[in-house]
Amino acid sequence: MRATTTTEQPSELHDPDHRHRDVRGGGARAAIFGVSDGLVSNASLVLGMEGAHPAAAAVRLAGLAGLLGGALSMAAGELISMRAQAELLARELEVERAEIARHFEGERHELQMIYERRGIVPETARALAAEMMATPERALETHAREELGIDPDELGSPVKAAVASFGSFALGAVVPLAAVLAASGTGAALLAVSLSAVVAALVGAVLAHFSGRSPWRSALRQVVVCAGAAAVTFGVGSVVHHLSGL
């Protein structure tokens, strides 16, 4: 009796439509956390002011100042840090380009050693290194990836990062500001708490989408963090109000 064998078809071994999320880029992460920062910081500021019971105009001014000050600070920090990082990486790329031009064989051997340390047999590693060093552009790109861990074509845009940081922070900060613009006193505080809780839960759910975690747990965690920060500042404002006799 002849044994029968079954052979898996390629479609059974791998789904060609399968796609991984791009988890290397920080754009989506930065945007979500920018919204979260804006929401938490301005909700805390507004509710801290409400706890001190000043005039409604003072609370609104504080909320507007918190939005603009925080968004501009985020944008400036992102612009400076991204520009410094881009300049540093560009400098390292120029150093690597010069090394390849001056010590071609040494750089080829270094690349071969990198491949061998990853388990590639010496003959294959030597051929692969020679192929990667075939042109100056490919050699630089390969050494940048293997030695520096960067992509020469993706150093980032400081201006785009700054604009994105400003917009995402402002988007979160406008939520509690809208509450104090629409109401005053206790009504403003309650509206700010309600709107901030809803948006915090949405931010948590979006984060869960990227991380694959439970949306309910992520939303609850975000609400608790926002509520905790706002409760502390509201308490401080209340203490200041009572101690100062306002």
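The values are calculated or read from the model by the stated rules, or taken from the named source; none is laboratory data. Just so it is clear, the structure is predicted and the values come from calculations on it, not from any experiment. As a convention, Cβ positions derive from the backbone with ideal geometry for all residues, glycine included, and neighbour counts pool all protein chains shown.
Confirm whether Glu131 is out of contact with any Ser or Thr (no Cβ under 7 Å at 6 or more places or on another chain) and at pLDDT below 85.
Details: out of contact with any Ser or Thr (no Cβ under 7 Å at 6 or more places or on another chain): yes; at pLDDT below 85: no.
Criteria not met by Glu131.
One line per residue, one yes/no per condition, for (1) out of contact with any Leu (no Cβ under 8 Å at 6 or more places or on another chain); (2) surrounded by fewer than 16 Cβ atoms within 10 Å (Cβ to Cβ); (3) modelled with pLDDT under 85:
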position	(1), (2), (3)
Asp153	yes, yes, yes
Gly185	yes, yes, yes
Ala188	yes, no, no
Ala197	yes, no, no
Trp216	yes, yes, no
Leu220	yes, yes, no
Gly237	no, no, no
Leu243	yes, yes, yes
Leu246	yes, yes, yes
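Please tell me if Glu147 is over 23 Å from the mean Cα position of the chain (by Cα) and in contact (Cβ under 8 Å) with a residue 40 or more places away in the chain. Break it down stepwise before answering.
Details: over 23 Å from the mean Cα position of the chain (by Cα): yes; in contact (Cβ under 8 Å) with a residue 40 or more places away in the chain: yes.
Answer is yes for this residue.
Does any residue in segment 218-246 that is small (Gly, Ala, Ser) come within less than 6 Å, Cβ to Cβ, of a residue that is outside any helix (DSSP H, G or I) six or more places away or on a different chain, and which pairs are these?
Note: pairs meeting the criteria are Gly237/Ala52.
Out of Ala28, Ala58, Ala75, I need the residue that is modelled with pLDDT under 85, touching a helix residue (DSSP H, G or I) at 6+ places or on another chain (Cβ under 8 Å) and part of a helix (DSSP H, G or I). Which one?
Numbers: Ala58 fails: modelled with pLDDT under 85; Ala75 fails: modelled with pLDDT under 85.
Testing whether each residue is modelled with pLDDT under 85, touching a helix residue (DSSP H, G or I) at 6+ places or on another chain (Cβ under 8 Å) and part of a helix (DSSP H, G or I) leaves just Ala28.
What single numbered condition from (1) in contact (Cβ under 8 Å) with a residue 60 or more places away in the chain; (2) under 30 Å from Glu96 (Cβ atoms) fails to hold for Glu154?
(1)
For segment 115-126, which positions are surrounded by 16 or more Cβ atoms within 10 Å (Cβ to Cβ) and either touching an Asp or Glu at 6+ places or on another chain (Cβ under 8 Å) or under 19 Å from Glu99 (Cβ atoms) (or both)?
Tyr115, Ala125
Looking only at segment 203-246, how many residues end up being under 19 Å from the mean Cα position of the chain (by Cα) and either outside any helix (DSSP H, G or I) or under 15 Å from Asp37 (Cβ atoms) (or both)?
Adding up the residues that qualify gives 9.
Taking Leu68 as the residue in question, decide whether it is at pLDDT 85 or above, under 27 Å from the mean Cα position of the chain (by Cα) and assigned to a helix (DSSP H, G or I). Talk me through it step by step, then tell me what you get.
Working: at pLDDT 85 or above: yes; under 27 Å from the mean Cα position of the chain (by Cα): yes; assigned to a helix (DSSP H, G or I): yes.
Judged against the criteria, Leu68 is a match.
Kindly indicate the residue of segment 52-66 that is within 15 Å of Ala182 (Cβ to Cβ) and not β-branched (Val, Ile, Thr) and also surrounded by the fewest Cβ atoms within 10 Å (Cβ to Cβ) among those meeting that condition.
If we filter segment 52-66 for residues that are within 15 Å of Ala182 (Cβ to Cβ), which is where we start, we get 56-57, 59-60, 63-64.
After this cut, where a residue has to be not β-branched (Val, Ile, Thr) as well, the list is 56-57, 60, 63-64.
Details: Ala56: 15, Ala57: 10, Arg60: 17, Gly63: 28, Leu64: 16.
Residue satisfying both the conditions and the ranking: Ala57.
So which of Ala90, Ala43 ends up being closer than 18 Å to Thr233 by Cα, at pLDDT 80 or above and either surrounded by 10 or more Cβ atoms within 10 Å (Cβ to Cβ) or of a type in the set (S, T, N, Q) (or both)?
So the residue among Ala90, Ala43 that is closer than 18 Å to Thr233 by Cα, at pLDDT 80 or above and either surrounded by 10 or more Cβ atoms within 10 Å (Cβ to Cβ) or of a type in the set (S, T, N, Q) (or both) is Ala43.
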